[in-house]
Amino acid sequence: MLSILMPVYNEFERVERAIIEVLGTELPADFELIIVDDGSTDGTREILRSGDWGPRVRLFEHEENQGKGAAIRTALGHAQGDFAAIFDADLEYDPADLGLLMPPLMDGRANACFGVRAFDGYTSHSFLFVLGNKGVTLACNILYNVYLHDIMTCHKMIRMDIFRSLPLQSPGFAIEPEITARLVQRGERIFEVPVHYRARATEEGKKLTALDGFRVIGTLLRCKFSR
């Protein structure tokens, strides 16, 4: 079974559609959807509480905003699947692509699979956004002597026992490079597949800033020198 971990923070306009799209997706295995509301204040929590989502959905809440990394760790602690995948509620990704990440794990080729985004004129947030993504991925490849294409992708699917064994500490978006770094340090070879992506604009609620890029580099360095 697959556990889909959905951290949510202030996604009033998108969260209902995101849940419906995930639940309507046909995947090659049974799945559960674990939603963690990370202290939303815009009405998202009320939508989550009032929805009749069915038996595959479980909802947990943080009283205050703690960050994406904290929400993922909470969801991971309640997951019951053999594999876990992260899926954001911002509709930048296609939930059907989760099916592309499953075969390498199910047939034993890899214990982790990442969905690689294609940044083009329609799907990219901005030139600086794309440059930042490529820059931090390059930094990871140099620091850890690997060749990955997109360490900041939300589409990460990992075998559950390995995911839970990673010493994850980052509270916010830096959880993404931290997961990558800890997998590489364990000697895991990360399988990559192309996925669909459409970045939101800042006015649509995009939350990443240039400061997050510096946090990512700091996380990569921290992980490199602390096992």
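Every number in this text was worked out from the coordinates using simple rules, so none of it is lab data. Source: prediction; values computed, not measured. Cβ sites come from the backbone with ideal geometry, for glycine too, and all protein chains shown count toward neighbours.
What to note about this one:
- GluC sites (Glu not before Pro) lying in DSSP loop within the stretch 45-136, provided at most 16 other Cβ fall within 10 Å: 63, 64
- Contour minus Cα-Cα distance for residue 193 and residue 13 (0.36 nm per residue): 61.9 nm
- Length added when fully stretched, residue 212-residue 42, from 0.36 nm per residue minus Cα-Cα: 58.9 nm
- Annotation note: trypsin sites (Lys or Arg not before Pro) in the stretch 1-83 located in DSSP loop regions with a Cβ neighbour count of at most 14 within 10 Å are 56.
- Inter-label distance, nm, simple model (7 Å from Cα along the C-beta direction), residue 165/residue 146: 1.5 nm
- Once the Cβ-Cβ distance of residue 30 and residue 186 is raised to the sixth power relative to R0 = 35 Å, the FRET efficiency obtained is 0.80.
- Relative contact order of the stretch 2-224, pairs being alpha-carbon contacts under 8 Å that are 6 or more residues apart, as %: 23 percent
- Net charge in the neighbourhood of residue 214 (other residues with Cβ under 15 Å of its Cβ; Lys, Arg +1, Asp, Glu -1) is -1.
- Virtual spin-label span in nm between residue 127 and residue 20, 7 Å along Cα→Cβ: 3.9 nm
- Expressed as a whole percent, the proportion of Cα-Cα pairs in the chain lying more than 32 Å apart is 12%.
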